[in-house]
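Q: What follows is a single structure, and I will ask about it in a moment.
The values are calculated or read from the model by the stated rules, or taken from the named source; none is laboratory data. Because the structure is predicted, anything quoted here is derived from the model rather than measured. Every residue, glycine as well, gets a Cβ built from its backbone with ideal geometry; the counts of neighbours run over all protein chains shown. Quick note on the areas: whole protein, heavy atoms, side chains included, nothing else; ligands and nucleic acids left out. Shrake-Rupley method; radii C 1.70, N 1.55, O 1.52, S 1.80 Å.
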Amino acid sequence: MVKVAELLAQNSGPDRTSAFCYATGFTQHSAGSQIIRTCAILQMLLGNIGRPGGGILALRGHSNVQGATDIPTLFADLPNYIPLPKVAEGNATLKDYLANGHGFSGARNKADGMWKLETERGSWASLPNYMVSLLKAWYGDYAMKENEYGFQWLPKLGGNESLTVTIERAKKGEVDGLLVFGQNIAVTNPNTGWGRTAIRNLKWLVVCDLFENETASVWYADPNGPKPSEVQTEVFYLPTNSCLEKDGSVSNTERLMQWHDRIKEAPGECRSDAWWTYQLGKRLKAMAEASGLPRDEGLRSLTWSYDMPQGKQNEMGLPPIEGDCDLDAVAYEMNGFDMVTGKPIQGSGELKSDGTTACGCRLLAGFINEAGENLTKRRDGGTVDHELDLTYRFAWPTNSRILYNRCSAAPDGKPWSERKKLVWWDEIEQKWIGYDKPQFDATKPPSYRPAPNAKGGAALDGTAAFGAHSDGKAWLFVPYGIKEGPFPVFYESVESPYTNTLWSTSRVPDVTIIDDPMNKVTEPGDPNFPTVMTTYHMVEHWMSGSMTRTIPWLVGLQPRSFIEISPELAESIGVTTGGYVSVRSPRNEIQVRALVTPRLRIGVIEGRQASIAGRFVCSGYKGIVCDPITNDLSPADMAGDGLIPSSKSFVVKIDKPDMNKVEKFNEYPVEYPAGMSEPIPDTPWAAQPEGRN
């Protein structure tokens, strides 16, 4: 810790910057959001925000995680992080919703005046423009002032609808079915043994994926599950395309939006996820048209006209697939357009609340230029004199490559240093210039001071770099909107061999632990589980492994999973590398091979030798190679903010193996339904049972 602190301090200042780059190692903890908030505070104090080489980068993009959350896949948000209206917070009308703090109530104290300020100053003062434009994108001409632009057709959030809670409700029989697109919840969710039991309690399950993964085969292939004849869940598998077999876009770690073209035909009945979604939407709309029920009015009014034009080819010259969705039309709606002229919006500042603009995601506004060109398709860089190339692809918002880049200049508008200069105020031209596009009003001079009654962006002075805040400043102390408290505080994980010596409580106070007999959780300091367990990915196998475990070359490089343990722990139980060990958590037990390594050593804590074990989460019971699922061991809990489970840190007891259980798993598969043959570990396709559709 001291070494990291010294390096950060030495590499931060006017001429130098440091960056935090994180992935699941920061997030998958019961206090994951507090870890990231701590990094934000450190970076702000060190001057590493809004400057080249600085910032906090969430390593995401390979599976389009960033793009998915922007649109969003988040249960409590509308696109571009607009809060979904809540049932119990005075959102009866659109006027109420816009007046009550636009859903960001959190722990606000209305009496302190901040509630009113937040809706009047900074970028969120434009929420009426964003919200009405979104409703116009969704409902078109049916969205009118007289019907609140279709606000009443939106679902109202009644409570916690996160995936973990949905799985809990499914186990109780409160959920009829799930549609699972591009996610293998039977492997990657917390306490997956509990989760698979819940999935088998559904009436129906739809899985759209490249391969028949563990989730799609949970009804017959789970070695620890019941006989297939005992599972009543009806499973539909929709084979989808890889990124090489479909058009579309992804957004990477730095918010860079990049278009990819379909370069080959997909095999068999595979279709893109957009194809499946579009066709499902058309059929649901047809049902709504036929029903005539008042409840279906929103679905009848929904704009859903993205048919591929006859004979249209993509940029690679490939013809369309019958029934495909025209993603150029979807992109145009996402960018936004003027309802009168049809011209594409060039930034969220052009959106209006009078129903004359439509925009599917205000953050993305501007990636289609005035000439109608999709800038995310730009593949050739320009001639530039800086590491940033603004002519390559497009970054939201409005192609600013570094967020909060006003921080790169001093309050007077001059660069902090020549080496790290990015944008600066030009007195002659009376505007901000530089190597990046200013992520603020480029005509606002550093000397600007707002009038007392100024609204929106005009209420922020010329030194303000954080336009989403009502005062334009970065906040060390967050007075509202954060459930875990106004300042990040260290707590032990939900499960830990140690108690928290800093506070009277060890766990984050508002952590949610699923109350279920299959989700037993120990109290901190339980001597029966002395080892800290952590999880990770590998070079050869990543995510849930549903793709990589079907590729013979990768399986050849890493044919079996393992658990890493220290030499001291290995000696205490009498095991060497390659031998089996039993790994038991309060919820489950698995038998795996050991890799003895000095890599995992954390010394002495509270007067006793600490032990830590590590295992990758990419194993499962489908594919060429099959191994026990790591997340069968992890607890189902949720952090207060972000609702992230603590899959990166929980407790286990590692001991001598139960060889009977080892042999039982190696006899997999235990049983196949009638008409299915045992898979042959030769190629990815031979490894799938016949008749799967």
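Q: A464 passes all but one of (1) in contact (Cβ under 8 Å) with a residue 60 or more places away in the chain; (2) open to solvent by less than 20 Å² (accessible area, probe 1.4 Å); which number fails?
A: (1)
Q: Being at pLDDT 95 or above and not in a strand (DSSP E or B) narrows it down to one residue among G366, G349, G323; which is it?
A: G366
Q: For residues that are among the hydrophobic types (A, V, I, L, M, F, W, C) and either over 21 Å from D385 (Cα atoms) or out of contact with any strand residue (DSSP E or B) (no Cβ under 8 Å at 6 or more places or on another chain) (or both), scanning just the stretch 405-441, find the one that is least open to solvent (accessible area, probe 1.4 Å).
A: Among residues in the stretch 405-441 that are among the hydrophobic types (A, V, I, L, M, F, W, C) and either over 21 Å from D385 (Cα atoms) or out of contact with any strand residue (DSSP E or B) (no Cβ under 8 Å at 6 or more places or on another chain) (or both), the one least open to solvent (accessible area, probe 1.4 Å) is A410.
Q: Out of (1) open to solvent by 20 Å² or more (accessible area, probe 1.4 Å); (2) outside any strand (DSSP E or B); (3) under 29 Å from Q591 (Cβ atoms), what's the single condition that is false for Q232?
A: (3)
Q: I'm trying to understand the selection: among the residues of the stretch 562-588, which are open to solvent by 60 Å² or more (accessible area, probe 1.4 Å), in contact (Cβ under 8 Å) with a residue 24 or more places away in the chain and closer than 26 Å to G620 by Cβ?
A: Once the filter is applied, which keeps residues that are open to solvent by 60 Å² or more (accessible area, probe 1.4 Å), in contact (Cβ under 8 Å) with a residue 24 or more places away in the chain and closer than 26 Å to G620 by Cβ, the stretch 562-588 yields only R584.
Q: What is the residue count in the stretch 558-575 for residues that are within 16 Å of V532 (Cβ to Cβ) and of a type in the set (D, E)?
A: Count: 2.
Q: Oh, and also: Given the condition open to solvent by 20 Å² or more (accessible area, probe 1.4 Å), modelled with pLDDT of 95 or more and under 24 Å from R295 (Cα atoms), answer yes or no: does some residue in the stretch 96-115 qualify?
A: No: zero hits.
Q: Kindly provide the set of residues from the stretch 42-76 that are among the polar types (S, T, N, Q), open to solvent by 30 Å² or more (accessible area, probe 1.4 Å) and on the phi < 0 side of the Ramachandran plot, ordered by number.
A: Passing the criteria: S63, T73.
Q: State whether one or more residues within the stretch 287-307 are in contact with a Gly (Cβ under 8 Å, 6 or more places away or on another chain) and polar (S, T, N, Q).
A: yes
Q: Also, quick follow-up: In the stretch 532-559, what residues are part of a loop (DSSP other than H, G, I, E, B) and hydrophobic (A, V, I, L, M, F, W, C)?
A: M538, V539, W542, M543, M547, I551 - these are the residues of the stretch 532-559 that are part of a loop (DSSP other than H, G, I, E, B) and hydrophobic (A, V, I, L, M, F, W, C).
Q: Go through the stretch 177-218 and count every residue that is in a loop (DSSP other than H, G, I, E, B), in contact with a helix residue (DSSP H, G or I) (Cβ under 8 Å, 6 or more places away or on another chain) and either among the β-branched types (V, I, T) or buried (at least 24 other Cβ atoms within 10 Å of the Cβ) (or both).
A: So the answer is 7.
Q: Can I ask one more? Keeping to the stretch 489-510, report how many residues are within 29 Å of the chain's Cα centre (by Cα) and surrounded by fewer than 20 Cβ atoms within 10 Å (Cβ to Cβ).
A: 5
Q: Which residue out of E484, E523 is more than 30 Å from P452 (Cβ to Cβ) and open to solvent by less than 50 Å² (accessible area, probe 1.4 Å)?
A: Criteria check complete, one pass: E484.
Q: I've got another one for you. Using beta carbons and a limit of 8 Å, which pairs, at least six apart or on different chains, have the first residue in the stretch 646-663 and farther than 19 Å from Y498 by Cβ and in contact (Cβ under 8 Å) with a residue 12 or more places away in the chain and the second one of a type in the set (K, R) and open to solvent by 60 Å² or more (accessible area, probe 1.4 Å)?
A: Here the result reads D655/R584, each pair linking the stretch 646-663 to a residue that is of a type in the set (K, R) and open to solvent by 60 Å² or more (accessible area, probe 1.4 Å).
Q: Follow-up. In the stretch 77-89, which residues are part of a loop (DSSP other than H, G, I, E, B), open to solvent by less than 30 Å² (accessible area, probe 1.4 Å) and of a type in the set (A, V, I, L, M)?
A: Result: L84, single match.
Q: Moving on to the next point. Just to check your reading of the model, which residue among S470, S496 is modelled with pLDDT under 95 and touching a Pro at 6+ places or on another chain (Cβ under 6 Å)?
A: Going through S470, S496 in turn, the sole match is S496.
Q: Consider R615 carefully, then state whether it is in contact with a Phe, Trp or Tyr (Cβ under 9 Å, 6 or more places away or on another chain) and part of a strand (DSSP E or B).
A: So R615 fits the description; yes.
Q: Considering only residues of the stretch 163-176 that are of a type in the set (A, V, I, L, M, F, W, C) and closer than 10 Å to A636 by Cβ, which is most open to solvent (accessible area, probe 1.4 Å)?
A: Residue satisfying both the conditions and the ranking: V165.
Q: Right, another one. Residues being surrounded by fewer than 16 Cβ atoms within 10 Å (Cβ to Cβ) and either part of a helix (DSSP H, G or I) or in contact with a Gly (Cβ under 6 Å, 6 or more places away or on another chain) (or both): count how many of those fall in the stretch 9-18.
A: The number of residues fulfilling the criteria is 2.
Q: Name the single residue that is most open to solvent (accessible area, probe 1.4 Å) among those in the stretch 336-354 being under 18 Å from Y149 (Cα atoms) and hydrophobic (A, V, I, L, M, F, W, C).
A: Among those residues, the one meeting the criterion is V340.
Q: Do you know which residues across the stretch 412-442 are over 35 Å from the mean Cα position of the chain (by Cα) and either farther than 25 Å from R121 by Cα or assigned to a loop (DSSP other than H, G, I, E, B) (or both)?
A: D412, G413, K414, S417, E418, D426, E427, I428, E429, Q430
Q: Filter the stretch 300-323 down to residues that are open to solvent by 50 Å² or more (accessible area, probe 1.4 Å) and among the polar types (S, T, N, Q) and give me whichever is nearest to M334 (Cα to Cα).
A: Here the residue is S305.
Q: Condition first: in contact (Cβ under 8 Å) with a residue 24 or more places away in the chain and in a loop (DSSP other than H, G, I, E, B). Now tell me which residues in the stretch 326-344 satisfy that.
A: The answer is G336, M339, K343.
Q: Among the residues of the stretch 609-638, write down those that are at pLDDT below 90 and touching an Asp or Glu at 6+ places or on another chain (Cβ under 7 Å).
A: Q609
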